[in-house]
Amino acid sequence: MKFARPLSGKATGKARAALKTPERRNAAPREAAEPADGQSRTPAVKQAEQAIRESEQRFSGAFEHAPIGVALVSPDGRWLKVNRALCDLVGYSEAELLTRTFQDITWPEDLALDLENVRRLLAGEILSYQMEKRYVHQRGHLVPVTLNVSLVRDDQGQPRYFISQIQDITARKQAEDALRASEASIKRLNHVYAVLSGINALIVRVHSREELYRGACRVAVEAGGFCMSLIAVVDRGTKRIVPVASAGKDEELVAAVGSLLSSSEDAPNTMVGRAIRDKHAVVSNDLQGDPQVLLGKHYTGAGVRSLAVLPLIVADAAIGALVLYAGETDFFHDQELDLLRRLASDVGFAIDHIGKEERIVRFSRIQAVTGGINALIVRVNGRQELFDAACRIAVEQGNFATAWVGELDPATQDVTPVAWAGKRAQEVIQGKSSARDDTPRGKGAVGRAIREQRPVFNNDLAAHGFGGPRLKAIVALGFRSQITLPLYEGEAVMGTLTLYAWEPDFFDDDELGLLTELAGNISFALGNISRQRELDKLARIRAISSEINATIVRVHDREALLRETCRIAVEHGKFKLVWVAWVNQQEHRIQPVEWAGFTSSMAHGLTWEKTFNMPGATLPEVIRTRKVAVRNDIDPEQTAGSLRREAMNRGCRSTV
């Protein structure tokens, strides 16, 4: 579009006549019709008048039919004359515009610059000016234009009116906006592609969820330019949404998000809660003005303007969400969201893959434990050897943090650690558990496993511990998962095997099946050991009986017979301590004859008075009942004489 060059105050007479205001143009013919000298008009005058009329007609035609808006404007801003194109552009009729000023329909943000240009034009600092501005259409929307303005002055140089040429640039602005939007979209897409590429590269090299979560958040911030990112997962035990990783941290915002998600009332209404529940992305492109946003003030303070929450899907279940925070409003559009959904799908696939790898590793570890213990079972001959080796194998081959075996006292229902392994095992085994449910010591997994006669496991000790005497210690040590397996001797539970793992969510159905089978094999071994022990005891008793019967045939001295009995009990019966004495009930006298394992002072330290005043002593019971007295579990709490005290010091638990 070509525009006429602005006219100055030195325009030709014809041009000045053509550009006169409507009042001046109406007066011009009368002035021409009345010559100053009063003489009749000459042909030359008539010719000039005709030329002026033709010029006015040409100007009027060009003014009215110009394809762009053209106006004459007074120095104070009033519209003096406007053409049809300008009226169509701003939506006002000519009559409506002539009652207004250009200030009335100029967008306020553009008015100051326009008035400054007018001032400079009136002051003679510039001859014309051009600028882009916006008019307010009669219907209320904005109309972008290019404005060219020049000033017409009179013969004395005083401002008469402005000539304004106004071109609609809506199409150009729309094209520019579209270009900027396209460039912004390309920039956003490049950021998202960078995140997608970075996370996919991360996926192929990480081997744990924690590493994946931390790395994904870091890539989103460093490669994607997001101001913050966060991953939250659903705790399988408590069903609460827990933040597990973040990057670009605004500590106050992270704390606020964590607090909101920890609330059972508020969490379902959050964008994260909705995304997980509905398994669909939830987006807000204007956090300040969006009513669905619950932390608007925190986002404003952190400079966050847009937010996208992408559910992480594993096996058709939403196990958590990836949250991306952008500093720009209107950041997330369909193209970006398509890529981000693909990104979330890749992360979900990686989580599933890592889970399968972890299950294989866990399964292999437990298989190593079961294989090692099963190989052990065929060669061990004693319970303590079995327990010690089982704990050692669980730690060394199964990579468990700690393992320990507890033995149940049927009388007191106390469970006492009798074997353990692991670097921090000594801190774990302090104190006794209980199989009773009416004491805090019985609230843990050990007590429950015995009472319920089934394996009891906990895959997140820190979040929901069962209780028991060891809970604080095992949480402080960093153990995250635990399983306690009941061990049987015959039909009765005789104790427990407890395993601790560093990892959360360690025990699932597959591991539980293997470990239950393992506990069954250990119980089978205990049964064999018990049966073999009974056979060994019978063999020892038969050996004693056989040798004593043979001695009776060949020995005819009473004291010699008793001394020989003592020797046989030690050599053939393999008893650690033996004591043989005469008892004279009439004289209330006890006379030691022979002993093994005791010193002479110990052997002679047992007197009638001491024996009959001692609770639970076997000798008074034998004298009164004339029957064999048996103690298969010597009570360490009872008052002990010299013989019993030495027996307990030597590790003896039974006496006859």
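The values are calculated or read from the model by the stated rules, or taken from the named source; none is laboratory data. Treat the numbers as computed from the prediction; the structure is a model and nothing was measured. As a convention, Cβ positions derive from the backbone with ideal geometry for all residues, glycine included, and neighbour counts pool all protein chains shown. Note: accessible area is taken over every heavy atom of the protein model, side chains too, but ligands, DNA and RNA are not part of it. Shrake-Rupley method; radii C 1.70, N 1.55, O 1.52, S 1.80 Å.
Does ALA543 count as of a type in the set (A, V, I, L, M) and surrounded by 15 or more Cβ atoms within 10 Å (Cβ to Cβ)? First the steps, then the outcome.
Values: of a type in the set (A, V, I, L, M): yes; surrounded by 15 or more Cβ atoms within 10 Å (Cβ to Cβ): yes.
Considered against the rule, which asks whether it is of a type in the set (A, V, I, L, M) and surrounded by 15 or more Cβ atoms within 10 Å (Cβ to Cβ), ALA543 comes out as yes.
For the stretch 485-522: of the residues being among the β-branched types (Val, Ile, Thr) and under 19 Å from GLU396 (Cβ atoms), which is modelled with the lowest pLDDT? Please lay out each step first, then the result.
Residues of the stretch 485-522 that are among the β-branched types (Val, Ile, Thr), as a first pass: 493, 496, 498, 516, 522.
Imposing the further condition that a residue be under 19 Å from GLU396 (Cβ atoms) reduces the set to 498, 522.
Working: THR498: 90, ILE522: 87.
Restricting to residues being among the β-branched types (Val, Ile, Thr) and under 19 Å from GLU396 (Cβ atoms), the top hit is ILE522.
Would you mind telling me which numbered condition in (1) at pLDDT below 85; (2) buried (at least 18 other Cβ atoms within 10 Å of the Cβ) LYS249 fails?
If we test LYS249 against (1) at pLDDT below 85; (2) buried (at least 18 other Cβ atoms within 10 Å of the Cβ), just (2) comes out false.
Specify which of the listed residues (THR496, THR484) is open to solvent by less than 10 Å² (accessible area, probe 1.4 Å), in contact with a Phe, Trp or Tyr (Cβ under 9 Å, 6 or more places away or on another chain), of a type in the set (Ser, Thr, Tyr) and touching a residue at least 60 places away in the same chain (Cβ under 8 Å). Working first, answer last.
Details: THR484 fails: touching a residue at least 60 places away in the same chain (Cβ under 8 Å).
THR496 is the lone residue from the list that is open to solvent by less than 10 Å² (accessible area, probe 1.4 Å), in contact with a Phe, Trp or Tyr (Cβ under 9 Å, 6 or more places away or on another chain), of a type in the set (Ser, Thr, Tyr) and touching a residue at least 60 places away in the same chain (Cβ under 8 Å).
Is it the case, given these coordinates, that ASP510 is of a type outside the set (A, V, I, L, M), within 19 Å of VAL361 (Cα to Cα) and either crowded, with 23+ Cβ neighbours inside 10 Å or over 25 Å from the mean Cα position of the chain (by Cα) (or both)?
Details: of a type outside the set (A, V, I, L, M): yes; within 19 Å of VAL361 (Cα to Cα): yes; either crowded, with 23+ Cβ neighbours inside 10 Å or over 25 Å from the mean Cα position of the chain (by Cα) (or both): yes.
So ASP510 fits the description; yes.
Residues of the stretch 123-143 being open to solvent by 60 Å² or more (accessible area, probe 1.4 Å), touching a residue at least 12 places away in the same chain (Cβ under 8 Å) and under 18 Å from GLN158 (Cα atoms), which ones? Even if it seems obvious, please write down each step before you answer.
To start, the set of residues in the stretch 123-143 that are open to solvent by 60 Å² or more (accessible area, probe 1.4 Å) comprises 123, 125, 127, 130, 132, 134, 138-139, 141-142.
Right, trim to touching a residue at least 12 places away in the same chain (Cβ under 8 Å) and you get 127, 130, 132, 134, 138-139, 142.
Answer for the stretch 123-143, where residues must be open to solvent by 60 Å² or more (accessible area, probe 1.4 Å), touching a residue at least 12 places away in the same chain (Cβ under 8 Å) and under 18 Å from GLN158 (Cα atoms): just LEU127.
Kindly provide the set of residues from the stretch 282-312 that are buried (at least 21 other Cβ atoms within 10 Å of the Cβ) and closer than 15 Å to ALA256 by Cα, ordered by number.
TYR299, ALA302, VAL304
Of the numbered conditions (1) open to solvent by 80 Å² or more (accessible area, probe 1.4 Å); (2) more than 30 Å from GLU132 (Cβ to Cβ); (3) modelled with pLDDT under 85, GLU222 fails exactly one; give the number of that condition.
(3)
Output the residue which, of all residues in the stretch 227-245 that are open to solvent by 30 Å² or more (accessible area, probe 1.4 Å) and without any contact (Cβ under 8 Å) to a residue 60 or more places away in the chain, is nearest to LEU324 (Cα to Cα). Quick ask: steps written out before the conclusion?
From the stretch 227-245, those open to solvent by 30 Å² or more (accessible area, probe 1.4 Å) are 227, 234, 236-240, 242-244; that's our starting set.
Then keep just the ones that are without any contact (Cβ under 8 Å) to a residue 60 or more places away in the chain; that gives 239-240, 242-243.
Details: LYS239: 23, ARG240: 20, VAL242: 16, PRO243: 13 Å.
Only one residue fits best here, namely PRO243.
Assuming PHE162 fulfils every condition listed in (1) outside any strand (DSSP E or B); (2) closer than 21 Å to PRO108 by Cβ; (3) among the hydrophobic types (A, V, I, L, M, F, W, C) apart from one, which condition is it?
All conditions are met except number (1).
Okay, residues lined up against (1) open to solvent by 40 Å² or more (accessible area, probe 1.4 Å); (2) at pLDDT 75 or above; (3) not in a strand (DSSP E or B):
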residue: ALA560; (1), (2), (3): no, yes, yes
residue: GLY573; (1), (2), (3): no, yes, yes
residue: GLN586; (1), (2), (3): yes, yes, yes
residue: ILE590; (1), (2), (3): no, yes, no
residue: LYS610; (1), (2), (3): yes, no, yes
residue: GLU621; (1), (2), (3): yes, yes, yes
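Residue check, GLN397 against (1) under 30 Å from VAL272 (Cα atoms); (2) in contact with a Lys or Arg (Cβ under 8 Å, 6 or more places away or on another chain); (3) open to solvent by 60 Å² or more (accessible area, probe 1.4 Å), all met but one. Which one?
That leaves (1) as the condition not met.
Restricting the stretch 103-114 to residues that are open to solvent by 70 Å² or more (accessible area, probe 1.4 Å) and out of contact with any strand residue (DSSP E or B) (no Cβ under 7 Å at 6 or more places or on another chain), which is nearest to ARG78 (Cα to Cα)? Steps first, answer last, please.
Within the stretch 103-114, the first condition is being open to solvent by 70 Å² or more (accessible area, probe 1.4 Å), and the residues that meet it are 104, 107-109, 112-113.
This time we only want the ones that are out of contact with any strand residue (DSSP E or B) (no Cβ under 7 Å at 6 or more places or on another chain), so: 104, 108-109, 112.
Working: ASP104: 9, PRO108: 17, GLU109: 20, ALA112: 17 Å.
Out of the qualifying residues, it is ASP104.
For the structure I just gave you, tell me whether VAL254 is modelled with pLDDT of 85 or more, of a type outside the set (Lys, Arg) and either assigned to a loop (DSSP other than H, G, I, E, B) or under 30 Å from ASP505 (Cα atoms) (or both). Give the steps one after another, and end with the answer.
Numbers: modelled with pLDDT of 85 or more: no; of a type outside the set (Lys, Arg): yes; either assigned to a loop (DSSP other than H, G, I, E, B) or under 30 Å from ASP505 (Cα atoms) (or both): yes.
Answer is no for this residue.
Can you name every one of the helices (runs of 4 or more DSSP H) wholly within the stretch 386-485 that holds 3 or more residues which are out of contact with any strand residue (DSSP E or B) (no Cβ under 7 Å at 6 or more places or on another chain)?
Numbers: elements: 425-428, 445-452, 471-476.
In the stretch 386-485, the matching helices (runs of 4 or more DSSP H) lie at 471-476.
List pairs: first residue in the stretch 150-166 and under 15 Å from LEU80 (Cβ atoms) and open to solvent by 50 Å² or more (accessible area, probe 1.4 Å), second residue small (Gly, Ala, Ser) and part of a strand (DSSP E or B) anywhere in the structure, Cβ distance under 7 angstrom, at least six positions apart or on different chains.
none
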